[in-house]
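Below is one structure, written out as structure tokens; comments come after it.
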Amino acid sequence: MKRDVEQMSNKRYDLIIVGGGITGASVAWDASLRGLKVALIEKGDFGSATSSATSKLVHGGLRYLKHMELGLVRESLQERRIMEIIAPHLVYPIPFIFPAYGWGVRGLPAIVSAMIFYDTLSYDRKWLDDDDKKIPAHEKLSVEKTLELEPGINPKDLKGAVLYYDCQMYSPERLVLEFVLSACEYGADIANYTKVEDIIRDGDTVRGVVVRDILTDRVYNIEGDITMNVAGPWADIIMGQLRGRSQHGLVRSKGIHIITRPITRSHAVALQTPDGRHFFIAPWRGHSLIGTTDEVFKGMPDEFRVTEKDIDDFIDEVNETYPYGNLTREDVKFFYGGLRPIVEKDTSIEVEVYDASRKYEIYDHEEEDGIKGFISGIGGKYTTSRNMARKLVDLVYKKTGRPARQCLTHTTPLYG
């Protein structure tokens, strides 16, 4: 893997990808594997923004059943299994306990009903060669069994629990890098610390991008047939460089996580706050990983920082829902945060981001804005990034008129 922005400026590419998070890395891998000449550009380090600030889960999205987003849940569960296949050294099952309280939406009948849907939608969860990767169906637990497994769960009004499995990533940053390295093995050119300064236009056709090599402060043109914007929380800023022609917007949701002393045993615990929001406590490298928050961020993405107030407020919320933890600021060994890009057509209205869909949108700007040679992919989640990339690369083939080549990323192991 060699970084050479000047050399990239002397080539012409089939596809230029702007954004080196999990989506851009997945697109680079898919497109390179299919034989396209690919350039991948990232203004920071690969996977250093939203992709590094995840909950470290590859999951179906149990809470999306609340809004009957069955298609999203099914896609996520399918992609969970595929991640186990292509990155078995980084993705593995983890047991969750979901305690039930009362008889409403937090009650055992409601949670069991949701889990029946979840298991049904993950009918292929055991279609794996490795028995250790096969995820079992959910199991209903009594109050006594729940507290035996995780004594820290609040016993007040506890009616039992459900034991189920999702998957955890050992390192989401490493997984992004392995998509990048896999793309490089198949000929992709990559450049981190390379910022898009402008979009090269010839009338209504995008010809490439003007970039600044942050390490040398030199400016280059990189040209290609299709330019793809998958810049995550910066995607609307990139679209803004189309000189106001694009009408698509996004909302940024701020999420933080804290790493603390261990406050559960061997299970992750999924918890629901009185106002209906979920968070979890998961074992991770001998500590507890707790997340996440979910609120609108109204500043520019480069301005985002986790504040002490963010941490203190989250600790209070955790202690209210899981009193056994009894966390203090001194218990927080590490914290991190990021911005989730959420598709929202009208960004002038107040949005409740927790309930907003995590679906992704793919924009062909020729059809929607009259601008040729430019595609954007916005929204989505880490788990579904590979499938989003498949659809984006399919669109590249459609736009360029090349004979379509089959996507193989669902069965091809990643580098490493």
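The values are calculated or read from the model by the stated rules, or taken from the named source; none is laboratory data. Please read all numbers here as calculations on a predicted model, not as lab measurements. Every residue, glycine among them, receives a Cβ derived from its backbone with ideal geometry; neighbour counts consider all protein chains shown.
What do you reckon, is residue 252 farther than 18 Å from residue 54 by Cβ and either assigned to a loop (DSSP other than H, G, I, E, B) or touching a residue at least 12 places away in the same chain (Cβ under 8 Å) (or both)? For residue 252, the condition - farther than 18 Å from residue 54 by Cβ and either assigned to a loop (DSSP other than H, G, I, E, B) or touching a residue at least 12 places away in the same chain (Cβ under 8 Å) (or both) - is not met.
Considering (1) in the same structural domain as residue 192 (by TED's automatic domain parsing); (2) at negative phi; (3) touching a residue at least 60 places away in the same chain (Cβ under 8 Å); (4) not charged (D, E, K, R), the lone condition that residue 10 does not fulfil carries the number (3).
Scanning region 261-278 for residues that are farther than 17 Å from residue 95 by Cβ and either surrounded by 22 or more Cβ atoms within 10 Å (Cβ to Cβ) or more than 21 Å from the chain's Cα centre (by Cα) (or both), we see that the one that is modelled with the highest pLDDT is 261. Scan region 122-143 for residues that are in a helix (DSSP H, G or I) and either outside the structural domain of residue 111 (by TED's automatic domain parsing) or within 22 Å of residue 87 (Cβ to Cβ) (or both) and jot them down. Of everything in region 122-143, those that are in a helix (DSSP H, G or I) and either outside the structural domain of residue 111 (by TED's automatic domain parsing) or within 22 Å of residue 87 (Cβ to Cβ) (or both) turn out to be 131, 132, 133. Please tell me if residue 26 is in contact with a helix residue (DSSP H, G or I) (Cβ under 6 Å, 6 or more places away or on another chain), under 26 Å from residue 254 (Cβ atoms), in contact (Cβ under 8 Å) with a residue 40 or more places away in the chain and not in a loop (DSSP other than H, G, I, E, B). Yes; evaluated as a whole, the condition is true for this residue. Only one of the listed residues (111, 86) is at pLDDT below 95, touching a Pro at 6+ places or on another chain (Cβ under 9 Å) and either surrounded by fewer than 19 Cβ atoms within 10 Å (Cβ to Cβ) or not assigned by TED's automatic domain parsing to the domain that holds residue 379 (or both). That residue is 111.
Close contacts from region 279-298, counting a first residue that is without any contact (Cβ under 8 Å) to a residue 60 or more places away in the chain and farther than 14 Å from residue 325 by Cβ and a second that is part of a strand (DSSP E or B) and among the aromatic types (Phe, Trp, Tyr), with Cβ to Cβ under 9 Å and a gap of 6+ residues or different chains, come to 293/279.
The number of residues in region 231-286 that are within 23 Å of residue 367 (Cβ to Cβ) and hydroxyl-bearing (Ser, Thr, Tyr) comes to 1.
Listed by first and then second residue, the pairs with beta-carbon distance under 8 Å, at least 6 apart or on different chains, first residue in region 185-208 and at positive phi, second among the hydrophobic types (A, V, I, L, M, F, W, C) and part of a strand (DSSP E or B), are 187/38; 208/16; 208/199; 208/200; 208/222. Look through region 162-176, keep the residues that are farther than 14 Å from residue 382 by Cβ and not β-branched (Val, Ile, Thr), and return whichever of them is nearest to the chain's Cα centre (by Cα). So the residue we want is 165. In the set 26, 48, 76, only one residue is under 20 Å from the mean Cα position of the chain (by Cα) and within 24 Å of residue 139 (Cα to Cα); that residue is 76. Which one is modelled with the highest pLDDT, of the residues in region 279-332 that are of a type in the set (Ser, Thr, Tyr) and under 29 Å from residue 236 (Cβ atoms)? Residue satisfying both the conditions and the ranking: 307. For region 2-16, residues that are loosely packed, with under 12 Cβ neighbours inside 10 Å and not in a helix (DSSP H, G or I) total 2.
Rundown of residues vs (1) acidic (Asp, Glu); (2) closer than 20 Å to residue 21 by Cβ; (3) surrounded by fewer than 24 Cβ atoms within 10 Å (Cβ to Cβ); (4) modelled with pLDDT under 95, yes/no style:
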{"position": "161", "(1), (2), (3), (4)": "no, no, no, no"}
{"position": "165", "(1), (2), (3), (4)": "no, no, yes, no"}
{"position": "176", "(1), (2), (3), (4)": "no, yes, no, no"}
{"position": "182", "(1), (2), (3), (4)": "no, yes, no, no"}
{"position": "188", "(1), (2), (3), (4)": "no, yes, no, no"}
{"position": "205", "(1), (2), (3), (4)": "no, no, yes, no"}
{"position": "242", "(1), (2), (3), (4)": "no, no, yes, yes"}
{"position": "247", "(1), (2), (3), (4)": "no, no, yes, yes"}
{"position": "259", "(1), (2), (3), (4)": "no, no, yes, no"}
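In the set 296, 306, only one residue is over 20 Å from residue 168 (Cα atoms), aliphatic (A, V, I, L, M) and either touching a helix residue (DSSP H, G or I) at 6+ places or on another chain (Cβ under 7 Å) or part of a helix (DSSP H, G or I) (or both); that residue is 296.
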